[in-house]
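*Asks:* Provided herewith is a single structure, encoded as structure tokens, for subsequent inquiry.
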Amino acid sequence: MRYAVLSDIHSNVVALEAVLADLASASVDRYLCLGDVVGYGPRPNQCCDMIRELDCICIQGNHDLAAVNPAKAEWFTPPARACISWNRRHLRDNNLQFLADLAPSALVADQIILCHGSIPDPDHYTVTPADASLSFAVMKTRLALFGHTHYAEWFALGDGEEIPAEHPQPRGGTCQLQPDTRYLVNPGGVGQPRDGNEEAAYAVYDDEAGEVYLRRVSYDIATTATQMKEAGLPEAMHARLWLGV
């Protein structure tokens, strides 16, 4: 089975279309989404529609929850709060219901756990080996897939080891799963990468080969930035797209 792994789309339909076009030749069998379909960007309905059409196994991110629960946005920065408020006002009822119905985690084929920030806490940012240890302490599968940070990377913890090894992959790379080792893999952000590479990020997991391929693909940032400007979204949110931060 080959899985396409997407995360943190954030209403950026131009980036999502580029990723799906790149995946067209990847012969994937199933799509997985690690949350934050909406937020920040200008096309929430189109992104929700596309994920639904993929019959994707999708979990709920913190921005997805904030789209249906305004109290959640109280913890956001002012620009992020302005963006999710705009998204909430423009989402159709069927897509609001889609986001509300998403679960915070999912187990796929009894072998892959999907979470947004971490396994014990969907809001936690897993950015260091210490952060990763919180998930390794409770995970019962060989592989966990997470998002939230918008960094493409993986953490590995071998049997008998106490500290996970961190492997940032801002330009893409291949994680070959080794015996007696567990992995936390972040595909990076489709719609707002923050690892210094402005290209959209995603991953493909081949369970037969035991490999996770982290991929990057360029997209038309200018079009997304123009759409955001026209929507009146905060300049900081579209200026950062050019920098990958």
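*Asks:* How do Thr126, Thr223 line up, fewest other C-beta atoms within 10 Å first?
*Replies:* On the way: Thr126 29, Thr223 13.
Ordered by Cβ neighbours within 10 Å, fewest first: Thr223, Thr126.
*Asks:* So, in nm, how far is label Ala26 from label Thr181 when the simple model puts each one 7 Å beyond its Cα toward the Cβ?
*Replies:* According to this spin-label approximation, the distance is 2.1 nm.
*Asks:* Moving on to the next point. If we count every other residue with Cβ under 11 angstrom of Val127's Cβ, Lys/Arg +1 and Asp/Glu -1, where does the sum land?
*Replies:* -3
*Asks:* While we're here: For segment 141-200, run through the GluC sites (Glu not before Pro) and keep only the ones in DSSP coil with at most 13 other Cβ atoms within 10 Å of their Cβ.
*Replies:* Glu161, Glu162
*Asks:* Now a separate question. Note down, for segment 2-242, the three equivalent ellipsoid semi-axes (square root of 5 times each alpha carbon gyration tensor eigenvalue), biggest first, whole angstrom.
*Replies:* Values: eigenvalues 154, 68, 57 Å².
Sorted largest first and rounded, they come to 28, 18, 17 Å.
*Asks:* Most mobile of Ser105, Ser118, Ser218 per a Gaussian network model of the chain (Cα springs, under 10 Å)?
*Replies:* Checking each option, the largest mean-square fluctuation is seen for Ser218.
*Asks:* Just name one of Leu134, Leu102, Trp86: the one whose Cα is farthest towards the positive end of the charge dipole of the chain (beta-carbon charges, Lys/Arg +1, Asp/Glu -1).
*Replies:* Trp86
*Asks:* On to the next question. What per residue convex hull volume, in Å³, comes out for segment 112-178 when only alpha-carbon positions are used?
*Replies:* 82
*Asks:* Taking the beta-carbon count within 10 Å as an exposure proxy, list Cys83, Cys175, Cys56, Cys48 from fewest neighbours to most.
*Replies:* Ordered from fewest to most neighbouring Cβ atoms within 10 Å, Cys83, Cys175, Cys56, Cys48 come out as Cys56, Cys175, Cys48, Cys83.
*Asks:* In terms of modelled amide H atoms, which long-range or inter-chain residues lie less than 5 Å from the amide H of Ser105?
*Replies:* It is Gln60, by chain and number.
*Asks:* If each residue's Cβ is checked for other Cβ atoms within 10 Å, how do Ile112, Ile221 rank with the fewest at the top?
*Replies:* Values: Ile112 21, Ile221 18.
Ordered from fewest to most neighbouring Cβ atoms within 10 Å, Ile112, Ile221 come out as Ile221, Ile112.
*Asks:* Would you mind calculating the gained length between Arg89 and Asp110 on full extension (0.36 nm times residue separation, minus the Cα-Cα distance), in nm to one decimal?
*Replies:* Details: separation 21, 0.36 × 21 = 7.56 nm, distance 3.76 nm.
Once the chain is fully extended between Arg89 and Asp110, it gains 3.8 nm.
*Asks:* If you don't mind, another one. Taking the Cα centre of the chain as origin, work out the dipole magnitude from +1 charges on Lys and Arg Cβ and -1 charges on Asp and Glu Cβ, in debye rounded to 20.
*Replies:* My answer is approximately 680 debye.
*Asks:* Turning to a different aspect of this structure: Where does the charge balance sit around Gly158 when Lys and Arg score +1, Asp and Glu -1, over other residues with C-beta under 9 Å from its C-beta? The partial results should precede the final answer.
*Replies:* Working: positive: Arg182; negative: Asp159, Glu161, Asp180.
Its environment carries a net charge of -2.
*Asks:* So, one more: Connecting C-alpha atoms closer than 10 Å in a GNM of the chain, tell me which of Phe155, Phe76, Phe136 has the biggest fluctuation.
*Replies:* Between Phe155, Phe76, Phe136, it is Phe76 that shows the largest mean-square fluctuation.
*Asks:* Here's something else I'd like to know. Lys and Arg at +1, Asp and Glu at -1: add these up for the other residues within a Cβ distance under 10 Å of Ala66 and post the number.
*Replies:* 0
Every number in this text was worked out from the coordinates using simple rules, so none of it is lab data. Every value quoted in this text rests on a predicted model; they were computed, and no experiment measured them. Neighbour counts run over all protein chains shown; Cβ positions are idealised from the backbone, glycine included.
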